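One structure below.
The values are calculated or read from the model by the stated rules, or taken from the named source; none is laboratory data. Since the structure is predicted, the reported quantities are computational estimates derived from the model, not experimental observations. Here the Cβ positions follow ideal geometry from the backbone for every residue, glycine too, while neighbour counts run over all protein chains shown. The area values use the complete protein model at the heavy-atom level, side chains included, leaving out ligands, DNA and RNA. Shrake-Rupley method; radii C 1.70, N 1.55, O 1.52, S 1.80 Å.
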Amino acid sequence: MALIVQKYGGSSVGSVERIQAVARRIMTTVQAGQGKNSVVVVVSAMGKTTDGLIKLATEITPQPNRREMDMLLSTGEQVSIALLSMALQHYGQAAISLNGAQVGIVTESAHTRARILHIETERLERHLGQGKVVVVAGFQGISNSEDLEVTTLGRGGSDTSAVALAAALKADLCEIYTDVPGILTTDPRIVENARLLDEITCDEMLELASLGAKVLHPRAVEIARNYGVKLAVRSSWTEDAGTLVLSPPRPPRPLEGLEIARPVDGISIDTDQAKIALLHVPDRPGIAAHFFGELARTGLDVDLIIQSIQEDESGEPPGHNDIAFTVRTGLLAEAEAVARRVGQELGCSEVTVDTHVAKVSIAGAGMIGRPGVAAQMFTTLAAAGINLQLISTSEVKVSCIVSVDDGQKAITSLCLGFDVDNSAARLDASTPIALVSPAPVRGVALDVNQARLAIRQVPDRPGMAAHLFQTLAKQGVSVDMIIQSQRGKVVNGVMTNDIAFTVSQVDAEAARTALEEVARELGCGSVVLDKGIAKVSIVGTGMVGQPGVAARMFAALAQEQINIEMIATSEIKVSCVVAEDEGPRALRAIHTAFELAGSVPVSVAKP
Ligand code: ADP
Ligand code: ASP
Ligand code: MG
């Protein structure tokens, strides 16, 4: 006898026939355990219902009130839970539908983007004990058990409801049923020969999900990772096994504050780092490919790579930018030689080398979608008087390159700030990470819903990043790919840098308005918004310690004559910003370059 949570997405319950098919599948699951399996089902709104409701709201007002939006959107899921329960009952299976409030899915009060704090299991367990299938409305909760304020979790949030229920109920398995056979190397709607993965690690899936692979909500992966939920993604059209999402073994964790407990659980410093920067590099296709290709040919593994946005110059195209990267100190001499040689060929104005740096990082799955965490890191470092030279972010990690002299101070203040045991902080992060897959890249993703914001001429002194990102955090805006130019410009006697980063398009205008205000206060230059960008990314734990992976990605883009506008890496991903209309072509080129294509065509169910 097992307790199983199943989630069916919008297209899986998009019609009466589909609801009936889902009901039959649920009954098969119940009967599989000699009629004794307990099944909790989470469903999304039918088909494109949520999109339709949003459209209705925006026809009434361009900026609907968030509370009323939740009231509206939560109705979609209520339709499908009722219909699915009716179908089950019609087939002779006892069932009951419950909305978020009836279950007791308690969330924060942040309307349209609430996080789950706690799930009551008493009523669920009572109905399961009576032999009923419980059909729960995904995507919704209540923020206040007195006023029963309805909240929603954010688009795609039913996955998160399902995994959270599985964690709360300590279910044996959580299955996410959708319209593709499982997790694929990329989106089959853009790349026809995407291949099914049998398994993927939570860390890889977290990155893919937050870089645009909407097959799983990133917060669902976060909960699975934190609570060790056994998670599978499968097609609701076939009997195939789908993909297993693997979590590392975890010590038990309290269920209170489910999605908000302890955002950071590790702090580390790596002093075995040297930074090399190529300044004033021409901004045209093939430059990064050529440079990192040369490094790879020499067998040099680079760690962080950052390419800033174009310099603010009125000159003729192609324009210029900076490329900075870090290597282990042992590789510095060789890397520097390549940088100087190739830098000269490329016509860059200067190559700078800094051996006096350290990388300090905070890590933890709980920081996903919580912009305050990175901002808190910058604030903590600023309060200690530490200047940030490079920033690299991923969904589960933020790393900053600082002067090595500040390293120990940085660790001490971060451990204090995030309440992490100082002795647990690894003092040398050069420990190798075991490879789980021989292939360096597991999946590639495209996100066309991003915009880029740049703040010109930010004074180069401690506290600037902290101030800017605190402002965004207060607005609930998550940022990714934070990049700072390497060569400061002196404006009115003050050294300044440009800072650029990407945000979700929906947040872009609000972010710009908020930033314009602080930019003025801090004496920065203009705030520039570009919505016409796309972000393409490669993800894989196998790329750690493998030279040439990033170079291969850049070469694939160069071959297609696609210009890279920004580059940012973390240990297990490389992301590039390209022009929006080149996104799909970029994705296909990279997918092919890493030989990810499958031999069997993947079926995508038609609604
Ligand atoms: P549901 O309604 O079941 O929640 P979604 O539309 O949210 O389904 O997610 C499934 C879709 O995710 C697929 O149809 C596919 O187009 C898209 N997708 C993007 N990247 C991937 C990937 N790497 N693997 C599988 N599907 C992906
Ligand atoms: N119905 C919601 C949406 O479309 C939640 C979900 O489907 O996961 O975003
Ligand atoms: Mg979904």
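Considered as a group, the residues in segment 137-167 that are hydroxyl-bearing (Ser, Thr, Tyr) and not in a helix (DSSP H, G or I) include one that is modelled with the lowest pLDDT, and that residue is SER145. If you go through segment 276-299 and keep only what is over 28 Å from the mean Cα position of the chain (by Cα) and closer than 18 Å to GLU571 by Cα, you end up with LEU295, GLY299.
Say whether the condition of being of a type outside the set (Phe, Trp, Tyr), within 19 Å of LEU216 (Cβ to Cβ) and within 11 Å of ligand 1 (Cβ to nearest atom) is met by at least one residue in segment 27-43.
Within segment 27-43, one or more residues are of a type outside the set (Phe, Trp, Tyr), within 19 Å of LEU216 (Cβ to Cβ) and within 11 Å of ligand 1 (Cβ to nearest atom).
Just one of (1) in contact with a strand residue (DSSP E or B) (Cβ under 7 Å, 6 or more places away or on another chain); (2) open to solvent by 10 Å² or more (accessible area, probe 1.4 Å); (3) more than 15 Å from ligand 3 (Cβ to nearest atom) fails for ARG234. It is (3). Check segment 383-404 and report whether any residue there is open to solvent by 30 Å² or more (accessible area, probe 1.4 Å) and within 17 Å of ILE276 (Cβ to Cβ). Yes, there is a match, as at least one residue in segment 383-404 is open to solvent by 30 Å² or more (accessible area, probe 1.4 Å) and within 17 Å of ILE276 (Cβ to Cβ).
Checking each residue in segment 234-278 for being among the hydrophobic types (A, V, I, L, M, F, W, C) and assigned to a loop (DSSP other than H, G, I, E, B) picks out TRP237, ALA241, LEU255, LEU258, ILE260, ALA261, VAL264. With a requirement of 3 or more residues that are farther than 23 Å from VAL221 by Cα, the strands (runs of 3 or more DSSP E) lying completely within segment 326-423 that satisfy it span 350-363, 397-403.
Scanning segment 557-577 for residues that are crowded, with 24+ Cβ neighbours inside 10 Å and assigned to a helix (DSSP H, G or I) turns up just one, LEU557. Listed residues VAL16, VAL22, VAL39; which is within 16 Å of ligand 3 (Cβ to nearest atom) and modelled with pLDDT of 95 or more? Unique residue meeting the criteria: VAL22.
Pairing each residue of segment 53-64 that is open to solvent by less than 50 Å² (accessible area, probe 1.4 Å) with any residue that is outside any helix (DSSP H, G or I), provided the two are 6+ apart or on different chains, yields C-beta distances under 6 Å for ALA57/PRO64.
All told, SER97 falls short of being among the hydroxyl-bearing types (Ser, Thr, Tyr), away from ligand 1 (no atom under 16 Å from the Cβ) and within 26 Å of SER210 (Cα to Cα). Selection within segment 152-187: residues that are open to solvent by 20 Å² or more (accessible area, probe 1.4 Å) and over 23 Å from VAL30 (Cα atoms). The member of this set that is nearest to ligand 1 (Cβ to nearest atom) is ASP187.
Here is the figure for segment 1-17: residues that are aliphatic (A, V, I, L, M), open to solvent by 20 Å² or more (accessible area, probe 1.4 Å) and either within 16 Å of ligand 1 (Cβ to nearest atom) or assigned to a helix (DSSP H, G or I) (or both) total 1. For segment 594-607, residues that are touching a strand residue (DSSP E or B) at 6+ places or on another chain (Cβ under 9 Å) and among the small types (Gly, Ala, Ser) total 3.
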